[in-house]
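Here's the structure, in structure tokens; my notes come after.
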Amino acid sequence: MSDTIVASTLTPVHFKWQVADKVATITLNRPERKNPLTFESYRELTDFFRACAFDDEVKSIVVAGAGGNFSSGGDVFEIIGPLVKMDMPDLMRFTRMTGDLVKHMRTCPQPIIAAVDGVCAGAGAIISMASDLRYATPEAKTAFLFVRVGLAGCDMGACTLLPRMIGQGRASELLYTGRAMTAEEGAAWGYFSRVVPADALPAAADELARSLAEGPTFAHGMTKKLLHQEWAMDLDAAIEAEAQAQAICMQTADFRRAYDAFVARQKPKFEGN
């Protein structure tokens with residue numbers, strides 16, 4: 001559709017981003033405040049992930065923070081202050097808006113890699129959680145600290161996503177106490193795929209993103225879709241959904257490219273179609 005907005009055409013104001021070799025890198029960029037989120041940055045991030053679904057130039061995404069921190073979450077003065085003055089309809093509009101960010105992160109077809117350094121708290125922790133893969137530095141401190149401001153831990157899908165990632169008991173502790181999960185704990189519990197030195201984090205996340213972007217990206221999108229949808233399926237329904245998904249992937253040119261490359265004893269060059 002000619003009026004469809006794609007990510008490559010956006011010019012965000014509240015975060016930096018660039019596309020290189022089909023990898024989009026988002027950098028939360030308020031380092032003097034540890035990269036907090038505002039009403040406007042929530043909307044821009046949501047619009048970006050929504051637009052990625054229609055962008056053939058973006059095959060994988062890295063989310064990072066500037067200045068040695070990922071994100072401190074919602075800005076105390078620009079979000080929490082106004083929230084205490086809102087009535088219920090406005091509060092519902094806000095909480096649904098923040099949830100939309102997670103929805104569009106989970107439903108955009110591109111794999112998302114969170115590169116987590118330093119403070120990763122509140123909504124920042126949610127963004128890392130909603131990503132597909134997470135790399136961290138030893139200094140990463142990930143805190144779902146909503147309880148610290150008198151709120152429930154069930155924010156933006158945390159009570160669904162986090163237990164599935166690290167287990168019900170561990171998730172319960174983090175959501176009830178608001179304490180920070182260390183990088184060591186996150187790696188041991190399966191939250192982080194790798195822990196690397198801070199100076200190696202950008203390159204490590206970019207290397208993973210590029211490897212995914214060079215892969216069968218249509219198939220990656222199908223994997224992400226099924227990982228998301230199968231939470232609500234029993235085993236028989238999941239097996240049928242995967243049978244249909246795999247049959248669709250078998251009709252792609254990438255499947256043929258992989259076969260031809262194998263026969264020729266070459267490495268396949270996937271194009272995502």
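For this structure, a couple of remarks:
- Fraction of antiparallel bridges per DSSP, the chain only, in percent to nearest 5: 30 percent
- Our note on the geometry: Cα centres of region 155-212 and region 68-91, 23 Å apart.
- Over region 190-273 - Rg/Rh using Cα atoms and the Kirkwood inverse-distance radius: 1.08
- The Cα trace of the chain gives Rg and Dmax of 19.1, 67 Å, the first to one decimal, the second as a whole number.
- Inter-label distance, nm, simple model (7 Å from Cα along the C-beta direction), T177/A203: 3.6 nm
- CD proxy at 222 nm, helix term only [per DSSP H run n ≥ 4: -39500 (n - 2.57); per residue of the chain; nearest 500]: -13500 deg cm²/dmol
- Calculated FRET value between C154 and H14, using beta carbons and R₀ = 25 Å, to 0.05: 0.45
- Protection-proxy order for peptides 202-215, 229-242, each taking the mean of Cβ atoms within 10 Å per residue, highest first: 202-215, 229-242
- In nm, spacing of pseudo-spin labels at N29 and S211 (7 Å Cα→C-beta vector): 2.9 nm
- At R0 = 35 Å, FRET efficiency that the Cβ-Cβ distance of D260 and E230 yields, to 0.05: 0.65
- The residues neighbouring T107, those whose beta-carbon lies less than 13 Å from its own, together hold a net charge of +3 under the Lys/Arg +1, Asp/Glu -1 convention.
- 13 Å beta-carbon shell around E240, net charge (K/R +1, D/E -1): -4
- Span per principal axis, largest first, for the Cα atoms of region 1-156 (Å): 43, 40, 25
- The largest-to-smallest principal axis extents of the Cα set in region 72-132 are 37, 27, 12 Å.
- Taking the C-alpha atoms only, the angle from helix 39-52 to the longest principal axis of the chain is near 10 degrees.
- Whichever lysines have a C-alpha closer than 19 Å to that of K141, once near sequence neighbours (fewer than 8 apart) are set aside: K34
- Surface accessible to a 1.4 Å probe, per residue, for the residues of region 26-160, Å²: 40 Å²
- Listed peptides 113-126, 31-44 by packing density, highest first (mean Cβ within 10 Å): 113-126, 31-44
- Surface composition of the chain: carbon plus sulfur atoms hold 56% of the accessible area, using a 1.4 angstrom probe and ignoring ligands, DNA and RNA.
- By the rule of a C-alpha distance below 16 Å, with chain neighbours fewer than 8 residues away ignored, the lysines paired with K103 are K224, K225.
- Relative to the longest principal axis of the Cα atoms of the chain, helix 88-107 runs at roughly 30 degrees.
- Förster radius 35 Å - calculated FRET efficiency between D87 and F54 (Cβ-Cβ, nearest 0.05): 0.50
- If only the Cβ of Lys and Arg carry +1 and only the Cβ of Asp and Glu carry -1, the dipole of the chain around its Cα centre is close to 260 debye.
The values are calculated or read from the model by the stated rules, or taken from the named source; none is laboratory data. The shown structure was predicted, so the numbers you read here are calculated from the model rather than taken from an experiment. Cβ atoms come from the backbone with ideal geometry, glycine included; neighbour counts cover every protein chain shown. Only protein heavy atoms, including side chains, enter the accessible area calculation; ligands, DNA and RNA are left aside. Shrake-Rupley method; radii C 1.70, N 1.55, O 1.52, S 1.80 Å.
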